[in-house]
1. Given (1) within 19 Å of Val184 (Cβ to Cβ); (2) out of contact with any helix residue (DSSP H, G or I) (no Cβ under 6 Å at 6 or more places or on another chain), identify the lone condition not met by Gln120.
2. Find all pairs meeting these conditions: Cβ atoms under 8 angstrom apart; at least six residues apart or on different chains; first residue within region 56-80 and among the polar types (S, T, N, Q); second residue open to solvent by less than 40 Å² (accessible area, probe 1.4 Å) and modelled with pLDDT of 95 or more.
3. Being part of a loop (DSSP other than H, G, I, E, B), open to solvent by 50 Å² or more (accessible area, probe 1.4 Å), modelled with pLDDT of 85 or more and polar (S, T, N, Q) is the filter here; which residues of region 124-139 pass it?
4. Checking His76 against (1) part of a helix (DSSP H, G or I); (2) within 13 Å of Leu112 (Cβ to Cβ); (3) open to solvent by less than 40 Å² (accessible area, probe 1.4 Å), only one condition comes out false. Which one?
5. For region 81-91, which positions are in contact with a strand residue (DSSP E or B) (Cβ under 9 Å, 6 or more places away or on another chain) and in contact (Cβ under 8 Å) with a residue 40 or more places away in the chain?
6. Looking at region 83-101 only, could you name the residues that are touching a Cys at 6+ places or on another chain (Cβ under 9 Å) and basic (Lys, Arg)?
7. Determine whether Asp105 is at pLDDT below 95, out of contact with any helix residue (DSSP H, G or I) (no Cβ under 7 Å at 6 or more places or on another chain) and acidic (Asp, Glu).
8. Select from region 140-159 the residues that are open to solvent by 50 Å² or more (accessible area, probe 1.4 Å) and in a strand (DSSP E or B) and list them in ascending order.
Amino acid sequence: MEQSRSTGLTRRALLGAFAATAVTAAPTYAQAFGFLRGAGDVRRIKMYNGRTGESLDTVYWVEGNYIKDALAEVNHFMRDWRNGQVKSIDTRTIDIMAAAHNMMDTSEAYTLISGYRSPQTNNMLRSRSSGVAKNSRHLSGEAADLRMNSRSVAQMFSAASACAAGGVGRYSSSNFVHMDCGPVRSWGR
């Protein structure tokens, strides 16, 4: 039987576990979940938002179950700060963020640059920058732009890329990394 390098589980057992939890993109997210497995039966996310002055440090998953109230906190924290609109943040994106954070071995919280973006905000940003996608994953609550003082853009990019679980963009000149739960891809310098 073939062994998975990151988790020590067989491929069949890994896929069975994902099927049991109804994760539709199990093969794509296997690497990220493997990195989270090292955190035990708890998943935690820590962020700071310089625009609102808010901080978030919450356990959002325990022993195979997402915690509804914690996810509501994450959704509110990652809201469009310009107009207060809240959207459910895809748990796959939160998992990728948490897995990358664990790999960087730091207690520093992420600084959230952008989470959910309303259509109005996305259109306004597109009018000011060619780097904002018309159909950005931020619009559907599937993306986050993050930075850390203790880790470089290259280090954050490497950690998120190692998850092999979505899109990772490196924005070195703006000092942030984009993480999303879309197809596996990467871009930027």
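1. (1)
2. Pairs that qualify, where the first residue is among the polar types (S, T, N, Q) and the partner is open to solvent by less than 40 Å² (accessible area, probe 1.4 Å) and modelled with pLDDT of 95 or more, are Thr58/Ile45; Thr58/Ala70; Thr58/Val74; Asn75/Ile89; Asn75/Tyr116; Asn75/Gly141.
3. Matches in region 124-139: Asn135 only.
4. Going through the list (1) part of a helix (DSSP H, G or I); (2) within 13 Å of Leu112 (Cβ to Cβ); (3) open to solvent by less than 40 Å² (accessible area, probe 1.4 Å), His76 breaks only (3).
5. If the condition is that a residue be in contact with a strand residue (DSSP E or B) (Cβ under 9 Å, 6 or more places away or on another chain) and in contact (Cβ under 8 Å) with a residue 40 or more places away in the chain, then Ile89, Asp90 are the ones that fit.
6. Listed by number, the list holds a single entry, Arg92.
7. yes
8. Passing the criteria: only Arg147.
The values are calculated or read from the model by the stated rules, or taken from the named source; none is laboratory data. All figures in this text were calculated on a predicted structure; none of them were measured in a lab. Using ideal geometry, Cβ is built from the backbone for each residue, glycine included, and neighbour counts are taken over all protein chains shown. Side chains are part of the model used for accessible areas, which takes the heavy atoms of the whole protein and leaves out ligands, DNA and RNA. Shrake-Rupley method; radii C 1.70, N 1.55, O 1.52, S 1.80 Å.
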